[in-house]
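J.: Once you've had a glance at the structure underneath, I'll fire off some questions.
Bear in mind these aren't lab numbers, they're just calculated from the coordinates by the rules spelled out. Bear in mind the structure is a predicted one, so any value in this text is a computation, not a measurement. As a convention, Cβ positions derive from the backbone with ideal geometry for all residues, glycine included, and neighbour counts pool all protein chains shown.
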Amino acid sequence: MLSTLHSPRSLSRFPLHLTSSVKPRAASASSASSLSDYPPPPLPAAQSPGGAPASQILTVRRSLLSGSVTATQLAESYLSRLRLTEPQLNSFIHVSDSVLKSAQEIDDKIAKGGGEALGPLAGVMVGVKDNICTADMPSTGGSRILENYRPPFDATAVKRLKEKGGIVVGKTNLDEFGMGSTTEGSGFQVTANPWDLGRVPGGSSGGSASAVSARQCVVSLGSDTGGSVRQPASFCGVVGLKPTYGRVSRFGLMAYASSLDVIGCLGTSVADVGIFLNAISGHDKFDATSSKQSLFTSINLLESKPLSGLKVGLIRETLDDGVDSGVKSAINAAVLHMQELGCIVNEVSLPSFSLGLPAYYILASSESSSNLSRYDGVRYGKQTVSDELNALYANSRASGFGPEVKMRILMGTYALSAGYYDAYYKRAQQVRTLIRESFKTALETNDILISPAAPSVAYKMGMLVVSYYS
Amino acid sequence: MASTLFRNVIQAQPLFLNSSALLRRKNGVLYCTMTQTATEEKQQQKSPQKIKVPPQKQMKEVSKIGADYEAVIGIETHVQLSTLTKAFCSCPYSYGAQPNTCICPVCMGLPGALPVLNSKVIECAVKLALALNCRLSFSSKFDRKQYFYPDLPKGYQISQFDIPIATGGSIDLDLPLEFGGGHRRFGITRIHMEEDAGKLMHSGNGSYSQVDLNRAGVPLLEIVSEPDMRTGIEASEYAAELQRVVRYLGVSNGNMQEGSLRCDVNVSVRPIGQAEFGTKVEIKNLNSFSAINRAIDFEISRQVNLHSQGQQDSIVQETRLWEEGAQKTVTMRKKEGLADYRYFPEPDLPEVVLTKAYMDSVGKSLPELPEAKRRRYEEMGLSMQDVLFLANDIAVADFFDATIQKGADVKLAANWIMGDIAAYLKNEKLSINDIKLVPHELAELIASIKSGTISGKIGKEILFELLAKGGTVKGLIEEKDLVQITDLVDIEKMVDKVIAENPKQLEQYRSGKTKLQGYFAGQVMKASKGKANPGILNKVLVEKLNAKV
């Protein structure tokens, strides 16, 4: 992705060399439109041999093991940065109150000499999208209908990151139940893009992207059904990875579209995202759709391998009209850069590409109309007391769900209803197969395919509000 | 283990449903006016009044109908599988457990929970499908059946819609003799796997209802029959045979009272000779086989009466409830439009793929099924009555088979089992697996009587001892010195003695009271402690009593 190059010119406002003690500078006037005046992130991110940005996760590990910083100090500095930036950003719906306790546990372990046994994510601050269940914190899915709901279990991805030493710093904001691309669809708050507080961070994992971008945490978990990790990562200038369906267990991810949902990783470097993905991936017996195929095991993510001979396919249909000229030129610059590095870049045409969005809308709405049936106020969540059963369902759901969610449930219910299943859902599944086949064919003659992550930069806030009542 | 963990955590949550009171929140109580919706629970709690309708009356009604109209009956049966854990999670299920104690995030439908199929469910489905001669689908899938109701936690039921695991089978049964006997074969349209919903319990005054999710997620097999049955008795025997089969296979305890076997019947009538079916009516709340029988016969006569009065249009497609107390069907829900369940393939579960090797291995593990047993017993020369009794319970059949395998006479073994042993089981409320008597001892007992070692009467005494305390026949005979006296000389000596001791009775006998032979026989038996061979004894007695002095 273009935005992961982190070339000095785009990040010059974020000084990367620091003194060891972090002194917060006085915040500038509240009319600050970006975060450039806020204290920088706590750790020196040393450059790795290839010139790529270093892995924050590995840096944390090195610093903890060498004793140059304690986990508690690290946690405190991230938390203070978080507190300072939150009023402007609103990335988090809930901030954990046990961060320092977890950090202390890591320090105790190191003190006892158990440093080498520390998990790969020891001391790493992780933001978790609020549609991923965490047992010791509320999980709302960004919706009022789950206000104050606390799951009795951790999602498998959360369980694994905790087992490996990660510290969940809080639950990040999102479009309600993952439906949306700006995070303005949250039932609670609007998150701002750290690069320009008047713009959206993207969605639906907007909070996760802005939190990483503003260095409120090191990495974060998001979920991607139709671009919800990749697009906000692009808008916020961080790395976002959507793994292959089945790579990461969906157990504990509040389902939106079961056959499309994945849990993805966001971070400030490709290496971090790779390490993080490795930590949470793998078959899970609680998810029947999780893959049993083994992972890439020992990849040295910082090793510099030459790209020469790599066959890259640029998908022509993704650069059509409707794509900002700025995006097009950035892509072209990236292509040139890759060619300089030895890649063979060709244009690839995938005519079925444009069918993706309509097929997605049918499939995702249909599956979500079913997956959201369980939010009825009967067993958990917000209930609107009523005299009669149908009124209970209707009132609880009407007052708990936001307008975008309601629209998709209605669309999905319609698409699945008697007489329409064949024309919509079944047809969309067939289109899906066509698209998959065309990608497979393209990948026979290309090693990778590239495209812009989004057709534009981050939108201004309020630009994409759809009127539901006109 | 998982369920325990969740249980503890769940009860700590103030918003969570606790077992004693439903939906009592800080903001108030949920009111549900659902008195119109009768439930199986409510009905089952009323003690069923046993009303015996004599078979002849039923036959009369059937024959009256048979003259002009034909009834067409189909049955949908839900069998609750007795797997250790539920269909899609690892919760155990036990009937009668405290409400909401066998639950976890998956069967509760909590956000983020996912189903994972219990492979035992497939094994049970394949066993049943093979036992019912069905065609198995090499590849079937699950679908979501969507509707809203408080006992359905996810808002959808995981079921199978258009590609069930088995289709096109049949079941063979024999009608009981008191209903005319006869062999029948009924078609099975399909068998599919699905999960059960929870239970709703309505408060006495209908002001609130409580949700118990213990049963949510328990695996069910739904068996849909072809509309081949024509009378109430055929329908109830079909249900009874299904119960027999699932018990033989060990896939379910098939208990209608506990709800592990549930039947809904569809009844319609049409004038004889008409090809198209009449309007069909569904009947629910049938809690026993006899209820199935009586409900169907009632409904048939209700519909026939309407037809004969020219009011067949008042028969509407509806669901009616069988009222055990009033012995009639009543309307449950009027104006039932066709429900749209918005079926679509379950994306959280992969396809169910069966290999030929798997099907064969399951097939090999099947026990001899009731139908095969019945035919085999018939060939052995047993009467139909004996056949039906012995083949009804697999444990009894196995006991019987084991006994005759040791060489016992078939008819005698049948008699002992159906007579004295069955009576003992009934009195003590035991099953045949609980008694201390083992099959080869029964064989030994039969052989001992047959050989004359002991008398029949002694045999019965020994049996009682063996049933209650066990032991061996030989051992008991020795211990209690029960060997029959068959020696002619010995018996003559005893008879002489008794005759000598009872001159008065002898006199009476000689003057015509021949019935006193029994008295003498009794005396000899007493003297011999019951060991005298009755046949020889009576022969000797008759000789001596009638002998010229």
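Conditions (1) under 21 Å from A:SER291 (Cβ atoms); (2) out of contact with any strand residue (DSSP E or B) (no Cβ under 8 Å at 6 or more places or on another chain), marked per residue:
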{"site": "A:LEU221", "(1), (2)": "yes, no"}
{"site": "A:SER234", "(1), (2)": "no, no"}
{"site": "A:TYR245", "(1), (2)": "yes, no"}
{"site": "A:ARG250", "(1), (2)": "yes, no"}
{"site": "A:LEU260", "(1), (2)": "yes, yes"}
{"site": "A:CYS265", "(1), (2)": "yes, no"}
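J.: Looking at region A:413-423, which of its residues are within 10 Å of chain B (Cβ to nearest Cβ) and not in a loop (DSSP other than H, G, I, E, B)?
T.: If the condition is that a residue be within 10 Å of chain B (Cβ to nearest Cβ) and not in a loop (DSSP other than H, G, I, E, B), then A:THR413, A:TYR414, A:ALA415, A:LEU416 are the ones that fit.
J.: Considering only residues that are of a type outside the set (Asp, Glu), assigned to a loop (DSSP other than H, G, I, E, B) and more than 10 Å from every other protein chain (Cβ to nearest Cβ), look in region B:143-180 and name the one that is surrounded by the fewest Cβ atoms within 10 Å (Cβ to Cβ).
T.: Just the residues of region B:143-180 that are of a type outside the set (Asp, Glu), to begin with: B:144-150, B:152-161, B:163-171, B:173, B:175-177, B:179-180.
Filter once more, so that each one left must be assigned to a loop (DSSP other than H, G, I, E, B): B:147-150, B:152-155, B:160-161, B:163-165, B:175-176, B:180.
Adding the requirement that they be more than 10 Å from every other protein chain (Cβ to nearest Cβ) leaves B:160-161, B:163-165, B:175-176, B:180.
Working: B:GLN160: 25, B:PHE161: 17, B:ILE163: 16, B:PRO164: 25, B:ILE165: 26, B:LEU175: 18, B:PRO176: 17, B:GLY180: 12.
Among residues in region B:143-180 that are of a type outside the set (Asp, Glu), assigned to a loop (DSSP other than H, G, I, E, B) and more than 10 Å from every other protein chain (Cβ to nearest Cβ), the one surrounded by the fewest Cβ atoms within 10 Å (Cβ to Cβ) is B:GLY180.
J.: Could you identify the single residue in B:ALA413, B:ALA423, B:ALA402 that is buried (at least 20 other Cβ atoms within 10 Å of the Cβ) and part of a helix (DSSP H, G or I)?
T.: Result: B:ALA413 is the single residue among B:ALA413, B:ALA423, B:ALA402 that is buried (at least 20 other Cβ atoms within 10 Å of the Cβ) and part of a helix (DSSP H, G or I).
J.: From the list B:LYS406, B:LYS373, B:LYS328, B:LYS411, pick out the single residue that is closer than 26 Å to B:SER252 by Cα and among the charged types (D, E, K, R).
T.: B:LYS373
J.: I need every pair where a residue in region B:220-236 that is in contact (Cβ under 8 Å) with a residue 40 or more places away in the chain has its Cβ under 6 Å from the Cβ of a residue that is among the small types (Gly, Ala, Ser), sequence separation at least 6 or different chains.
T.: Between residues of region B:220-236 that are in contact (Cβ under 8 Å) with a residue 40 or more places away in the chain and residues that are among the small types (Gly, Ala, Ser), the close pairs are B:LEU221/B:ALA125; B:SER225/B:GLY74; B:GLU226/B:GLY187; B:PRO227/B:GLY74; B:ASP228/B:GLY187; B:MET229/B:ALA235; B:ARG230/B:ALA71.
J.: Among the residues of region A:243-270, how many are more than 9 Å from chain B (Cβ to nearest Cβ) and surrounded by 22 or more Cβ atoms within 10 Å (Cβ to Cβ)?
T.: 10
J.: Has region A:224-238 got at least one residue that is touching a helix residue (DSSP H, G or I) at 6+ places or on another chain (Cβ under 6 Å), within 14 Å of another protein chain (Cβ to nearest Cβ) and closer than 25 Å to A:LEU350 by Cβ?
T.: yes
J.: How many residues are among the charged types (D, E, K, R), without any contact (Cβ under 8 Å) to a residue 40 or more places away in the chain and part of a loop (DSSP other than H, G, I, E, B) when one looks only at region A:304-352?
T.: 3
J.: Moving to a separate point now. Which members of region B:94-123 meet the condition of being surrounded by fewer than 23 Cβ atoms within 10 Å (Cβ to Cβ), in contact (Cβ under 8 Å) with a residue 12 or more places away in the chain and in a helix (DSSP H, G or I)?
T.: B:LYS120, B:ILE122, B:GLU123
J.: Please work out if A:VAL128 is in a strand (DSSP E or B) and within 14 Å of chain B (Cβ to nearest Cβ).
T.: yes
J.: Sort out which residues of region B:343-359 are within 14 Å of chain A (Cβ to nearest Cβ), without any contact (Cβ under 8 Å) to a residue 24 or more places away in the chain and surrounded by fewer than 19 Cβ atoms within 10 Å (Cβ to Cβ), and write them in order of number. Explain how you work it out, then say what you get.
T.: Just the residues of region B:343-359 that are within 14 Å of chain A (Cβ to nearest Cβ), to begin with: B:343-353.
From the residues that got through so far, the ones that are without any contact (Cβ under 8 Å) to a residue 24 or more places away in the chain too are B:347, B:350.
B:PRO350, the sole residue that qualifies.
J.: Output the residues belonging to region A:135-177 that are more than 9 Å from chain B (Cβ to nearest Cβ), crowded, with 24+ Cβ neighbours inside 10 Å, of a type outside the set (D, E, K, R) and closer than 25 Å to A:ILE106 by Cβ.
T.: Scanning region A:135-177 gives A:THR156, A:ALA157, A:VAL158, A:LEU161, A:GLY166, A:ILE167, A:VAL168, A:VAL169, A:GLY170, A:THR172.
J.: Further question: One residue is enough: does region A:254-274 have a residue meeting the conditions touching a helix residue (DSSP H, G or I) at 6+ places or on another chain (Cβ under 9 Å), of a type in the set (Asp, Glu) and closer than 26 Å to A:THR433 by Cβ?
T.: Within region A:254-274 (the criterion being touching a helix residue (DSSP H, G or I) at 6+ places or on another chain (Cβ under 9 Å), of a type in the set (Asp, Glu) and closer than 26 Å to A:THR433 by Cβ), the answer is yes, since at least one residue qualifies.
J.: Output yes when any residue across region B:193-203 is polar (S, T, N, Q), surrounded by fewer than 23 Cβ atoms within 10 Å (Cβ to Cβ) and free of Cβ contacts under 8 Å to residues at least 12 places away in the same chain, and no when none is.
T.: Just the residues of region B:193-203 that are polar (S, T, N, Q), to begin with: B:203.
Keeping just the survivors that are surrounded by fewer than 23 Cβ atoms within 10 Å (Cβ to Cβ) gives B:203.
After this cut, where a residue has to be free of Cβ contacts under 8 Å to residues at least 12 places away in the same chain as well, the list is B:203.
Within region B:193-203 (the criterion being polar (S, T, N, Q), surrounded by fewer than 23 Cβ atoms within 10 Å (Cβ to Cβ) and free of Cβ contacts under 8 Å to residues at least 12 places away in the same chain), the answer is yes, since at least one residue qualifies.
J.: For region A:382-412, enumerate the residues that are within 19 Å of A:GLY142 (Cα to Cα) and at the interface with chain B (Cβ under 8 Å from one of its Cβ atoms).
T.: A:GLN383
J.: I need a count of the residues in region B:529-540 that are under 9 Å from B:ILE491 (Cα atoms) and within 51 Å of the chain's Cα centre (by Cα). Talk me through it step by step, then tell me what you get.
T.: Of the residues in region B:529-540, the ones under 9 Å from B:ILE491 (Cα atoms) are B:532-533, B:536-537, B:540.
Still in the running and within 51 Å of the chain's Cα centre (by Cα): B:532-533, B:536-537.
Of the residues in region B:529-540, 4 are under 9 Å from B:ILE491 (Cα atoms) and within 51 Å of the chain's Cα centre (by Cα).
J.: For region A:370-381, which positions are touching a helix residue (DSSP H, G or I) at 6+ places or on another chain (Cβ under 8 Å) and either in a helix (DSSP H, G or I) or more than 7 Å from chain B (Cβ to nearest Cβ) (or both)? It would help to see each step written out before you state the result.
T.: Initial filter on region A:370-381 (touching a helix residue (DSSP H, G or I) at 6+ places or on another chain (Cβ under 8 Å)): A:370, A:372, A:375-381.
Passing the criteria: A:SER370, A:LEU372, A:TYR375, A:GLY377, A:GLY381.
J.: Just to be sure I understand, how many residues within region B:360-390 are without any contact (Cβ under 8 Å) to a residue 60 or more places away in the chain, out of contact with any Asp or Glu (no Cβ under 8 Å at 6 or more places or on another chain) and not in a loop (DSSP other than H, G, I, E, B)?
T.: 11
J.: Kindly evaluate B:VAL126 against the criterion of being assigned to a helix (DSSP H, G or I) and within 11 Å of chain A (Cβ to nearest Cβ). Walk me through it before giving the result.
T.: Values: assigned to a helix (DSSP H, G or I): yes; within 11 Å of chain A (Cβ to nearest Cβ): no.
Judged against the criteria, B:VAL126 is not a match.
J.: Scan region B:266-322 residue by residue and report those that are more than 14 Å from B:ALA239 (Cα to Cα), crowded, with 17+ Cβ neighbours inside 10 Å and among the aliphatic types (A, V, I, L, M).
T.: Correct list: B:VAL267, B:VAL269, B:VAL281, B:ILE283, B:ILE300, B:VAL304, B:ILE315, B:LEU321.
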